[in-house]
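Below: one structure, written as structure tokens.
The values are calculated or read from the model by the stated rules, or taken from the named source; none is laboratory data. The shown structure was predicted, so the numbers you read here are calculated from the model rather than taken from an experiment. Glycine also receives a Cβ, built like all others from the backbone with ideal geometry; neighbour counts cover every protein chain displayed.
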């Protein structure tokens, strides 16, 4: 099995090669799958993310009139969540990712659903991120919210290399389906 670093490099290169037209088409299917999930329809507070490096763009779900929408920001070694009304309410954060400018952070226990980006996922709910462990710490330290991984199906592989500190999401949503943690 490849090392995480080698797999990450390979997957990121593959993801950058997905044609925009194909990615946009698949993103529409993924968004509809998420909207159809009972956990999404029942949720009142949802955390999205600002897509980078070919991640699935879920910004069409950003409808503050329907639900309270939050976005992550890095604070030291953790992720905090704040709201934003418009795209002007963001600034570049620690890693150059757009983060809300609001200093009013919402407690993670108040969030019903957190949509999680990743370089790759497996069908057991394991995630390959960018190697800093932010989402692993978030998931392990907060059992309240439901965590859903999101990626194109090409990046949902059978089995990822896993370390003891790697956390799992409850579901992985791709254009091909919804995978529940632990089910193959």
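Observations
- Yes/no for residue 115 being in contact with a helix residue (DSSP H, G or I) (Cβ under 8 Å, 6 or more places away or on another chain), at pLDDT 95 or above, within 20 Å of residue 52 (Cα to Cα) and crowded, with 16+ Cβ neighbours inside 10 Å: yes
- Among residues of region 12-38 that are under 26 Å from residue 180 (Cβ atoms), those with a Cβ under 6 angstrom from a residue that is crowded, with 16+ Cβ neighbours inside 10 Å and modelled with pLDDT under 95, sequence gap 6+ or separate chain, pair up as 15/54.
- Qualifying residue in region 154-170 (condition: loosely packed, with under 15 Cβ neighbours inside 10 Å, in contact with a strand residue (DSSP E or B) (Cβ under 8 Å, 6 or more places away or on another chain) and modelled with pLDDT of 95 or more): no
- Test: residue in region 143-153 that is modelled with pLDDT under 95, more than 22 Å from residue 36 (Cβ to Cβ) and over 14 Å from the mean Cα position of the chain (by Cα): yes
- If the condition is being out of contact with any helix residue (DSSP H, G or I) (no Cβ under 7 Å at 6 or more places or on another chain), surrounded by fewer than 19 Cβ atoms within 10 Å (Cβ to Cβ) and assigned to a loop (DSSP other than H, G, I, E, B), then region 132-153 contributes 132, 133, 143.
- Among the residues making up region 54-78, a single one is in a helix (DSSP H, G or I), under 14 Å from the mean Cα position of the chain (by Cα) and touching a residue at least 24 places away in the same chain (Cβ under 8 Å): 61.
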